[in-house]
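The values are calculated or read from the model by the stated rules, or taken from the named source; none is laboratory data. For clarity, every value in this text was computed on a predicted model and none was experimentally measured. Cβ placement follows ideal geometry from the backbone for every residue including glycine, while neighbour counts extend to all protein chains displayed. Ligands, DNA and RNA are stripped out before the accessible areas are found, and what is left, the full protein with its side chains, is counted by its heavy atoms. Shrake-Rupley method; radii C 1.70, N 1.55, O 1.52, S 1.80 Å.
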Amino acid sequence: MRICYRIIGLMVIILTPSIGGCSKFLYNVSVANYGEYGVIFLKIPTTRINKYRRKNPGIPGVRDDIGHFGRFHDHPYSLPDQVEVEWQLAELSDCRSVRVYSKDPQYMRKRGCTWTPLEDKVFRKIFDLKEVKKSEYAKRAGERIRFGSKRVMTIMFIFRDDEVEMRVGGFASNSLS
């Protein structure tokens with residue numbers, strides 16, 4: 001039985017370079033909303049915008065409150081020089097679920113609400129990604145760490161009502177893509 005596992009392991013090690021191919025620039029875009037209002041995305045050039053047109057308010061540090069938006073359009077293995085984000089706030093009422101974070105009641109998770117877009121609350125911001133392209137996270141994105149793992153750069157947009165900030169980080173993925 002041990003010999004069988006060793007043979008299988010050896011086959012996987014030998015076949016992995018042909019499956020994985022060359023190292024590609026790996027990144028993903030995520031979004032979180034830590035404001036009081038709901039966020040309606042009018043423009044965010046990512047591959048999964050149609051699936052996530054809105055973002056409910058969430059609680060910092062709670063993984064379920066982060067929406068994964070894929071990558072930037074026309075840039076599957078690179079970053080554009082800049083990205084424009086446009087959003088509209090919405091009043092949330094008649095929510096089926098409201099959960100307040102016990103340590104800081106400013107943050108709460110709202111779900112199953114009626115969304116009323118606020119016409120006078122439309123915002124836009126352009127992010128310059130030229131410096132992000134030079135970052136250590138970008139330089140190492142796609143780099144193989146250990147068998148089956150690669151570094152992935154993350155770009156997260158964090159909304160707090162009329163403000164949005166961008167944070168860059170990274171993690172290890174067990175994907176061979």
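Assessment of the stretch 43-56 against the conditions (over 11 Å from the mean Cα position of the chain (by Cα), hydroxyl-bearing (S, T, Y) and open to solvent by less than 50 Å² (accessible area, probe 1.4 Å)) yields no matching residue.
For the stretch 110-160, residues that are at pLDDT 75 or above, in a helix (DSSP H, G or I) and either touching a Lys or Arg at 6+ places or on another chain (Cβ under 7 Å) or open to solvent by less than 30 Å² (accessible area, probe 1.4 Å) (or both) total 1.
Residue count for the stretch 91-109 satisfying the condition of being surrounded by 14 or more Cβ atoms within 10 Å (Cβ to Cβ), farther than 24 Å from I155 by Cα and among the hydrophobic types (A, V, I, L, M, F, W, C): 2. Taken residue by residue, the stretch 85-106 has no member that is in contact with a His (Cβ under 9 Å, 6 or more places away or on another chain) and of a type outside the set (A, V, I, L, M).
If a residue has to be within 28 Å of S135 (Cβ to Cβ), at pLDDT 85 or above and in a loop (DSSP other than H, G, I, E, B) to count, how many in the stretch 75-103 make the cut?
Looking only at that region, the number is 3.
Conditions (1) surrounded by 12 or more Cβ atoms within 10 Å (Cβ to Cβ); (2) out of contact with any Asp or Glu (no Cβ under 7 Å at 6 or more places or on another chain); (3) more than 30 Å from M108 (Cα to Cα); (4) at pLDDT 85 or above, marked per residue:
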position	(1), (2), (3), (4)
S18	no, yes, yes, no
N28	yes, yes, no, no
E36	yes, no, no, yes
G58	yes, no, no, yes
D64	no, yes, no, no
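Pairs linking a residue in the stretch 66-83 that is of a type in the set (V, I, T) to a residue that is at pLDDT 85 or above and open to solvent by 60 Å² or more (accessible area, probe 1.4 Å), with Cβ atoms under 9 Å and 6 or more positions apart or on different chains, are V83/I126; V83/D128.
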